[in-house]
């Protein structure tokens, strides 16, 4: 009787062990299937991307994240979805994906790339400096972040170049508004816009005209000393400029051009340095 009980207990133990092994196998198979589904979804997304069906490609890349969110392929798929949209100029969709990536995958090794692509998406939507101020500001924000946070990357190098172009765009917007006020004889708003170019965009191609207009307006308003000041700044920095010649003629024929010798090896920002003399 005791032997029967012992055998019965052994059968129960072996049965439990067998069930445990079977459950573990089933779980492992499911895990394998999940990973295979993820790989298939990624490969299918990549194939559709190469075919040009970027909406379906992005959908498959998003599936990868849903199937296996803890894998290294999840953030990569998120970036691939963003790039797919960007490649076909669907910038709004790309921006949504990139913002989600930066929020969800903080400190990821490809964070610099995500910020760069985000900046480019905003930059490429600038078509008219008079209307696209929001895109200009966003692009400038992300390019500046790249330079500050990832200074040693190729992205930062290109960001520096793009920021120079953005400065030109912003300066041209200010010049457009200043000339708009000038044409309507609104002298004070026009002067404020020209001064903004002098103060904030002194490395752009629009600085010479802005200085000339300040000479012109100050002279028109009877502020001769101010007019002479801006003429001197023009002469110090752009003596061969046509704008300087025109400003020189505004004052009077007896007004002498300032003769200033420049040391090109020591000058970093002549305009800013010379402006301090009048502050």
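Read the figures in this text as sums done on the coordinates, not as results from a lab. In this text the structure is predicted, and so the values were computed from the model without any measurement. Neighbour counts are summed over all protein chains in view; Cβ atoms, including those assigned to glycine, are modelled from backbone coordinates with ideal geometry.
Let me check I have the definition right: for segment 95-159, take the eigenvalues of the Cα gyration tensor, multiply each by 5, take square roots. What are those semi-axes in whole Å, largest first? Please list the in-between numbers first.
Details: eigenvalues 88, 41, 13 Å².
Semi-axes (√(5λ), whole Å): 21, 14, 8.
Given R0 = 30 Å, the distance between the Cβ atoms of residue 180 and residue 240 translates into a calculated FRET efficiency of 0.55. Neighbour counting of Cβ atoms within 10 Å sorts the residues 185, 48, 164, fewest neighbours leading, into 185, 164, 48.
The rule of thumb for compact globular proteins, 2.2 N^0.38 Å, goes into the C-alpha radius of gyration of segment 190-242 1.03 times. Please list, by residue number, everything in segment 214-241 whose backbone N is under 15 Å from a paramagnetic label point 7 Å out along Cα→Cβ of residue 249. 216, 241, by backbone N distance to the label point.
When you count the other C-beta atoms within 10 angstrom of each residue and take the mean per peptide, 175-184, 88-97 line up highest first as 88-97, 175-184. Taking a point 7 Å out from the Cα of residue 50 in the direction of its Cβ, the residues of segment 68-91 whose backbone N falls within less than 20 Å of it are 73, 76-88. Between the alpha-carbon centers of segment 47-97 and segment 153-207, tell me the distance in whole angstrom. Computed from Cα coordinates, the inter-centre distance equals 37 Å. Hey, what's the Kirkwood Rh for segment 97-209 if you take every pair of different alpha carbons, in angstrom? Result for segment 97-209, one decimal place: 15.4 Å. Remark: the residue 225-residue 141 segment gains 26.4 nm on full extension, using 0.36 nm per residue and subtracting the alpha carbon distance.
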